[in-house]
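The values are calculated or read from the model by the stated rules, or taken from the named source; none is laboratory data. This is a predicted model, so every value here is computed, not measured. Positions of Cβ are backbone-derived with ideal geometry, glycine not excepted, and every protein chain shown enters the neighbour counts. Only protein heavy atoms, including side chains, enter the accessible area calculation; ligands, DNA and RNA are left aside. Shrake-Rupley method; radii C 1.70, N 1.55, O 1.52, S 1.80 Å.
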Amino acid sequence: MPDIRIHREHKLGLAEARKIAGEWACEVESRFGMACSTISGETSDTVEFTRSGVKGRLIVAADHFDLDAKLGFLLGAFSRTIETEIENNLDTLLASHGNAKKTSAARTAPAKVQTAEAGKQPAAKKVAKAAAAGGAAKRGSRGA
């Protein structure tokens, strides 16, 4: 299952962060049919959300938000789009309440492999090139 992880730091305090989390939960319930529940704590809250193909939680603290979500097989194909939508939604809410500091999201879903050395390619590309070259060589040898 692909994972989505988003971290946003802020300087809003817990009371204001709770308001933002409440707005976020209402929005995802209405727009995406999520079922949300909030577990309140002394120093942080947890908003749990779920629907078919998605399960996750939003940790709400006085100085940051941490969102973790697991996507099922069908929605996993759209993980980048879903992650971008969540980021935009959360960033918009944070911007409307004050400043927030973005930090890079840690992806646990497979990422594209980038190599430092020229000429090195991910294994999938090597296999595809070899298959294409082999197919062309075979086609050429049949006609000879």
Hits among aspartates and glutamates - C-alpha to C-alpha of K70 under 13 Å, sequence gap 8 or more where chains match: D3, E48, E83
Taking all protein chains in place and a 1.4 Å probe, what share, in percent, of the accessible surface of the range 63-102 do carbon and sulfur account for? 59
Under a plain spin-label model, where a point goes 7 Å from the Cα along Cα-to-Cβ, how far apart in nm are A15 and E27? 2.3
Whole number in Å², please: accessible area per residue of the range 1-87, 1.4 Å probe, ligands, DNA and RNA not counted. 56
Interchain or sequence-distant (5+) residues whose placed amide H lies within less than 5 Å of the amide H of M34 are E29
Would you mind classifying the range 7-78 by shape? Square roots of the alpha carbon gyration tensor eigenvalues, ordered a ≥ b ≥ c; an a/c under 1.5 is rounded, otherwise it is prolate if a/b is larger than b/c and oblate if not. prolate
Gain upon complete extension [F78, S37; 0.36 nm per residue less C-alpha separation]: 12.3 nm
